[in-house]
Amino acid sequence: MLGFAPKQMETPMFDVFLHETFQSSCEGEEQQQIDRIQEIYGATMFGLMQRYHKAVLSYDPYGRAGKGTACDILAALVPQEFVTNVSPFNWSNEYYLATLAGSRLNLVGELPENTPLPAAEFKTVTGGDILTGRHPAGRPFTFRNHAAHICSSNHLLNTRDQSDAFFWRWLAVRFPNSCLRSGLPLDIGLAERILASELPGIRTCAQPQSTM
C-alpha cells in the first residue's frame, strides 16, 4: 500500500527534469531514455522487474547528472519498508542475502571501480533461482528474488564474465548531462519538490512494458 493515490495530472517539474537529464543531439535518444526510465519505474512499482531477470545500471561518467534525483523519485513509488541497499558484492553472504527477502526495490549507491562484480551470484539472484539466506541467530530459509536492482556507477561494469548471459541481464540508463561538466548550478532539493507536488501524477505515467 502506497501513501498516496494515483491521479491524472500534469507533472511539469518532472517533465522538465526528464528533458534536462536525457536531452541529446541524437534524434530519438532522449525519448528512448525517458521511455526506458518510466518503464523501470512502472515495473518496480508493480513488482514485475524480477520477471525480466534484469538489473539496471545508472551510468554517469562525470557526476551530478540526475542519477540521485531519479533514484529518490523511484524510491518514493515503493513503500519504504520494502526498499533495501544490498550491493551485489555481498550477495554471496547469507546474512546480506536474507535482507533481500521481501524487498521490492534494492538501491545500490555506487559500484566499486576496480573490483570485478561476482557474476555467478549476480546471475543467480537476478535469474529467479531459489536462494538461501539466514538472519543472525536464525535458521536458513529459502526464497526467490522479487526486488528491482538499481545500481549507480560513474564507470562501466568491471567483470571477468564476458558472456552474453551476463551482459543481457543489464539495462543501461545513461545520464549524459553532468552539471559538473557543463558548469550549470546544482538544483538542491529538486526531488523533494517534485515528490511534494507531482507524485500522484508520476504514479500514473510509470508503466511497465514488455520491451525490456
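Structural remarks
- The set of residues from the range 170-194 being open to solvent by 40 Å² or more (accessible area, probe 1.4 Å) and at pLDDT 95 or above comprises Glu192, Arg193.
- Once the range 102-117 is narrowed to residues that are closer than 11 Å to Ser152 by Cα and part of a loop (DSSP other than H, G, I, E, B), the residue that is most open to solvent (accessible area, probe 1.4 Å) is Glu110.
- Residues (hydroxyl-bearing (Ser, Thr, Tyr), at pLDDT 95 or above and within 16 Å of Lys123 (Cβ to Cβ)) located in the range 42-91: Ser87
The values are calculated or read from the model by the stated rules, or taken from the named source; none is laboratory data. Computed from a prediction, not measured in an experiment: that's the story for all the values here. No Cβ is skipped: glycine too gets one built from the backbone with ideal geometry, and neighbour counts run over all protein chains shown. All accessible areas refer to the heavy atoms of the entire protein, side chains included, with ligands and DNA or RNA removed. Shrake-Rupley method; radii C 1.70, N 1.55, O 1.52, S 1.80 Å.
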